[in-house]
1. Taking region 371-394, which residues are without any contact (Cβ under 8 Å) to a residue 40 or more places away in the chain and either part of a strand (DSSP E or B) or open to solvent by 30 Å² or more (accessible area, probe 1.4 Å) (or both)?
2. Would you confirm whether or not region 243-257 contains a residue that is over 13 Å from the mean Cα position of the chain (by Cα), crowded, with 22+ Cβ neighbours inside 10 Å, assigned to a strand (DSSP E or B) and more than 15 Å from the ligand (Cβ to nearest atom)?
3. If you check 137, 103, 91, 122, which single one turns out to be over 15 Å from the mean Cα position of the chain (by Cα) and more than 30 Å from residue 207 (Cβ to Cβ)?
4. For residue 414, state whether it is open to solvent by less than 10 Å² (accessible area, probe 1.4 Å), in contact (Cβ under 8 Å) with a residue 24 or more places away in the chain, touching an Asp or Glu at 6+ places or on another chain (Cβ under 9 Å) and in a helix (DSSP H, G or I).
5. Among the residues of region 72-82, write down those that are open to solvent by less than 60 Å² (accessible area, probe 1.4 Å) and touching a residue at least 40 places away in the same chain (Cβ under 8 Å).
6. Quick one: how many residues across region 79-118 are away from the ligand (no atom under 16 Å from the Cβ), among the polar types (S, T, N, Q) and assigned to a helix (DSSP H, G or I)?
7. When you look at residue 139, is it more than 19 Å from residue 387 (Cα to Cα), within 16 Å of the ligand (Cβ to nearest atom) and open to solvent by 10 Å² or more (accessible area, probe 1.4 Å), yes or no?
8. Test residue 46 against the stated conditions and say whether it is in contact with a Pro (Cβ under 9 Å, 6 or more places away or on another chain) and either of a type in the set (Phe, Trp, Tyr) or open to solvent by 10 Å² or more (accessible area, probe 1.4 Å) (or both).
Amino acid sequence: MKYISTRGQAPELNFEEVLLAGLASDGGLYIPKTLPSFSPEQIAAWAGLSYHELAYEVIVPFVGDCIPENDLREMLQETYSVFSHSAVAPLVQLGHNEWVLELFQGPTLAFKDFALQLLGRLLDYVLKKQNRRVVILGATSGDTGSAAIEGCRHCDNVEVFILHPHKRVSEFQRRQMTTVLEDNVHNIAIEGNFDDCQNIVKESFLDQSFLPDGLQLVAVNSINWARIMAQIVYYFYSALALGSPQKSVAFSVPTGNFGDIFAGYLAQKMGLPIHQLVIGTNKNDVLHRVITDAVYEKSELHHTLSPSMDISISSNFERLMFDLCNRDGEKVRDLMEVLNSSSIRFDKKQALAVRALFTSASIDDDATCDLIADVFSTTEYLLDPHSAIGVGAGRICNTHKDLPMVALATAHPAKFPDAIAKAGIGIIPEIPHHLEDLLEREERYTVLSNDRAVVNQFMANNLSA
Ligand SMILES: *Cc1c(COP(=O)(O)O)cnc(C)c1O
């Protein structure tokens, strides 16, 4: 399997290379040159496979011969054995044809564990083979940082530096990162906001001269192809459980950077019968406006009760644009150039194509609280604010009420107690057993000024041998 850039000017890479690549050298994102596809008979034969067995079938075409079959199988088994539910991604029924797919059973209680638990193991495997080390650098407003740290804490050949905005992430989320005390894990609190953290990361990737010879930075945000790849699996897993490929299924996805739902789009292109993909956004509705107005335009950032979806632009949308432009990298390049200074207006054909693929709804904080309260009063099921947006968008957009609508539950409610309190149902979400003593554990992190040079110097000084 070869990977190409959405902007058409970067070298083709194989899986091993794409795993270690961040942005392509032309500024684009890597995607598979050709997508594997599966017949209904092939998909039907997977019914009954366990999560890791199915993951092998879905992922193996993307990995190609970079990892021997048995090693890949073993790695997948190990990856998903750390999830606390034996189904890994269990389905819960809320109502007639209304389902929730629980993607928060991993160690950090958000769906990002599905990709980052695997990414850590893939990196470790490939780096051991090549006998080299890399440095992971990422910025987080909450969920990505803890999932990346948890995924890489046991990797001998990976050093992890995660930047979070000082005093602007919840205590629970901070402690999920800062109580990991392994020598290769470094938490930095930046005196600034999330955008400041992200800018430091971006600039550091552009000039890596502060690192000793032979070391390079690796990205853990969803520009990394392996993250998207791992997320394709649970679409197949849940659809099979609900009767696919004989039966078609719809998904509603709480969306920020468009990584999770893009994996659903790929599952559909690979042959899974998905009749509807619903984009749920909070007040940061850049993607809802793409669907309704065919205009893609950066907007002002709003802070909401669903902070993991607070974005002003969705980086992975470029991967979809590549298909909308008939895989013409030059066209994508021109459009992204336009986006730097103004907005992209899609032509009629492209607008129709997007609407044929996606529907969308934007759900504000009040409506999110109402949904949490409503679902709790009718089913006693407690949704986190992100998952509530998934359920709400699914209800608004559902076009086939006779077929299953699956809302992706992307986080555990215990991660967002303030939002649950605002919903006014008088319930405090229960913290899963393995994190019960989180507030008593020892923490370690360093506060640094919002200055790239200071951060880079700190990194150079703190690399373990
Ligand atoms: C990251 C995240 C999202 C958004 O996912 P994207 O792939 O960025 O669209 C939604 N919910 C939760 C809880 C998250 O952590």
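The values are calculated or read from the model by the stated rules, or taken from the named source; none is laboratory data. Keep in mind that this is a model prediction, so the values were computed, not measured. Note that each Cβ is placed from the backbone with ideal geometry, even for glycine, and that neighbours are counted across all protein chains shown. We work out accessible area using only protein heavy atoms, side chains counted, and drop any ligands, DNA or RNA first. Shrake-Rupley method; radii C 1.70, N 1.55, O 1.52, S 1.80 Å.
1. The answer is 374, 380.
2. Looking for residues that are over 13 Å from the mean Cα position of the chain (by Cα), crowded, with 22+ Cβ neighbours inside 10 Å, assigned to a strand (DSSP E or B) and more than 15 Å from the ligand (Cβ to nearest atom), one finds at least one in region 243-257, hence yes.
3. Exactly one residue qualifies, and that residue is 91.
4. On the way: open to solvent by less than 10 Å² (accessible area, probe 1.4 Å): yes; in contact (Cβ under 8 Å) with a residue 24 or more places away in the chain: yes; touching an Asp or Glu at 6+ places or on another chain (Cβ under 9 Å): yes; in a helix (DSSP H, G or I): yes.
Yes, satisfied.
5. Passing the criteria: 75, 76, 79.
6. Counting residues in region 79-118 that are away from the ligand (no atom under 16 Å from the Cβ), among the polar types (S, T, N, Q) and assigned to a helix (DSSP H, G or I) gives 2.
7. yes
8. On the way: in contact with a Pro (Cβ under 9 Å, 6 or more places away or on another chain): no; either of a type in the set (Phe, Trp, Tyr) or open to solvent by 10 Å² or more (accessible area, probe 1.4 Å) (or both): yes.
Spelling it out, it is not the case that residue 46 is in contact with a Pro (Cβ under 9 Å, 6 or more places away or on another chain) and either of a type in the set (Phe, Trp, Tyr) or open to solvent by 10 Å² or more (accessible area, probe 1.4 Å) (or both).
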